[in-house]
1. Tell me the label-point distance for the pair residue 3, residue 41, using the 7 Å Cα-to-Cβ offset, in nm and rounded to one decimal.
2. Compute for the range 6-64: radius of gyration divided by Kirkwood radius, i.e. Rg/Rh, restricted to C-alpha atoms, rounded to two decimals.
3. Taking 0.36 nm per intervening residue step and subtracting the Cα-Cα distance, what contour gain separates residue 70 from residue 248 on full extension?
4. Could the peptides 51-57, 270-276 be put in order, highest first, of the mean number of other beta-carbon atoms found within 10 Å of their residues?
5. Note the per residue figure in Å³ for the convex hull of the C-alpha positions in the chain.
6. Sort 13-23, 135-145 by the packing proxy (mean of other Cβ within 10 Å over each peptide's residues), most packed first.
7. Starting from the Cα of residue 213, step 7 Å along the direction of its Cβ; do the same at residue 164; then give the gap between the two resulting points in nm.
8. Relative contact order (percent) for the chain, with alpha-carbon contacts under 8 angstrom and 6 or more residues of separation?
Ligand code: PAF
């Protein structure tokens, strides 16, 4: 496995490669990332894992400074799993102040975008840069960040980028908590409570499958249940899987998305729901 920290060296290495699969990450890798690497292995002859904590996608009061940076451990985990680790510096990725951004559709201002202004613009901009640097045939993103995946798919489709975007299933701890680098911010007590988020999503899905289609009431009840246990709920929202627009009675392929903060840790999760025709 080669570890490369400059765009120029990466381009030299990839120039003769015709089958590259990219897994963009911000590092601090867990089983969810490793599952994406295995998926990537099935699609590309050469698997490139990028590790870059992208300042553009963090707001001024967010956790950019304390975001865990664990490059040495990450590289150990990637041995035998990825062929190339691309870990550029901020200066290499942004040699000058970035003034050109991807302008995103309205959906980027909803859900997570409502409480994280500019987040998706910064995310999409770095993903576009990574795709243009690596020029992979396929790129892999976890479904845990469902809205992110949706926005990337829109960008790739609407810009006719020659890359296939593949979504990887969310990997969970035994108690259901979706794996995330931010889980390590949780205290022991918060970690016990954190499982409630995925429980709540599963319960909501069961109610919908049992015939309860009163989406507004279900969203409200879930929000109140979490709030009563000390969560600060950002949103619990039932959306159409394909468009991420609010669910309509005729929609059958839905996703319930939630974001809520426990202590100082903002957690995200979602669950897909397939209603019978
Ligand atoms: O999901 C992430 O880790 C990041 O948002 C991504 C896609 C690597 C862009 O910085």
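1. Placing both labels 7 Å along Cα→Cβ, they lie 2.1 nm apart.
2. Reported Rg/Rh (Cα atoms, Kirkwood Rh): 1.06.
3. So the extension gain works out to 59.7 nm.
4. Result, highest mean first: 51-57, 270-276.
5. That works out to 138 Å³ per residue.
6. Sorting 13-23, 135-145 by mean packing, highest first, produces 135-145, 13-23.
7. Reported label-point gap for residue 213 and residue 164 is 3.6 nm.
8. 18
Every read-out reported here was derived from the displayed coordinates using simple, explicitly stated rules and does not represent laboratory data. Given the structure is predicted, the values throughout are model-derived calculations rather than measurements. Quick reminder, even Gly has a Cβ in these numbers, built from the backbone with ideal geometry, and neighbours come from all protein chains shown.
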